[in-house]
1. Going 7 Å from the Cα of ASN20 in the Cα-to-Cβ direction, what parts of segment 82-126 have a backbone nitrogen less than 15 Å from that spot?
2. Roll a 1.4 Å probe over the protein chains and send me the accessible area per residue for the chain in Å².
3. Given the DSSP H assignment, sum -39500 (n - 2.57) over each helix run of at least 4 residues in the chain and divide by its residue total; what's the result at 222 nm in deg cm²/dmol, nearest 500?
4. Which whole-angstrom value gives the distance between the alpha carbon centres of segment 69-126 and segment 24-60?
5. Rounded to the nearest 0.05, what FRET efficiency do HIS71 and GLU31 give with R0 = 22 Å and r taken as the Cβ-Cβ distance? Could you check?
6. Once R0 is set to 25 Å, what does the formula 1/(1 + (r/R0)^6) return for the Cβ-Cβ distance between GLU51 and GLU86, expressed as a FRET efficiency to the nearest 0.05?
7. If you count, for each residue, the other Cβ atoms within 10 Å and average over each peptide, how do 105-111, 54-60 line up from highest to lowest?
8. Dipole size in debye (nearest 20) for the chain around its Cα centre, Lys and Arg Cβ +1, Asp and Glu Cβ -1?
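The values are calculated or read from the model by the stated rules, or taken from the named source; none is laboratory data. Model, not experiment: these values are computed from the prediction. Cβ sites come from the backbone with ideal geometry, for glycine too, and all protein chains shown count toward neighbours. Keep in mind that these areas ignore ligands, DNA and RNA; they rest on the heavy atoms of the full protein, side chains included. Shrake-Rupley method; radii C 1.70, N 1.55, O 1.52, S 1.80 Å.
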Amino acid sequence: MPKVRKENERNALAASRQSNGLQIKGRLWVESEGKTYLSWGRIVLLQRVEEHGSVSAAARSMKMSFSHAWHLIEDMNALAPEPLVEKQVGGRRGGGAWLTDAGKQAVQDFLRLVDRFQDWVEQERI
């Protein structure tokens, strides 16, 4: 059973703790068709979309341009078996964005993978 990490300890970068001065480090991302599908930053973007209810607000919260966030979401949606984010373009009623069930599952699966990855790196020895 993976140990529970505090939210601020969780990161896709893992490092081993070794006494010989050497350290194993690694960064985790998931690719599809040779392109980045999920990474730590993309997962944070998905979480912020869920939290703020819009791509624009999610991007602002990450100090990211709206167009960059929009393209990341479009890329993830294109690479996913089904869309991770649904969007409604603004207008009279305003726009919005939300995670689909597939998006929520992708976040959960990636965070579990991060925990397993960190555990593996921490246990490895040189």
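1. 123-126
2. Heavy-atom accessible area per residue stands at 65 Å².
3. Per the formula, -14500 deg cm²/dmol.
4. Taking the Cα centre of segment 24-60 as reference, the centre of segment 69-126 is 6 Å away.
5. So, using R0 = 22 Å, E works out to roughly 0.85.
6. Calculated transfer efficiency: 0.95.
7. 54-60, 105-111
8. 460
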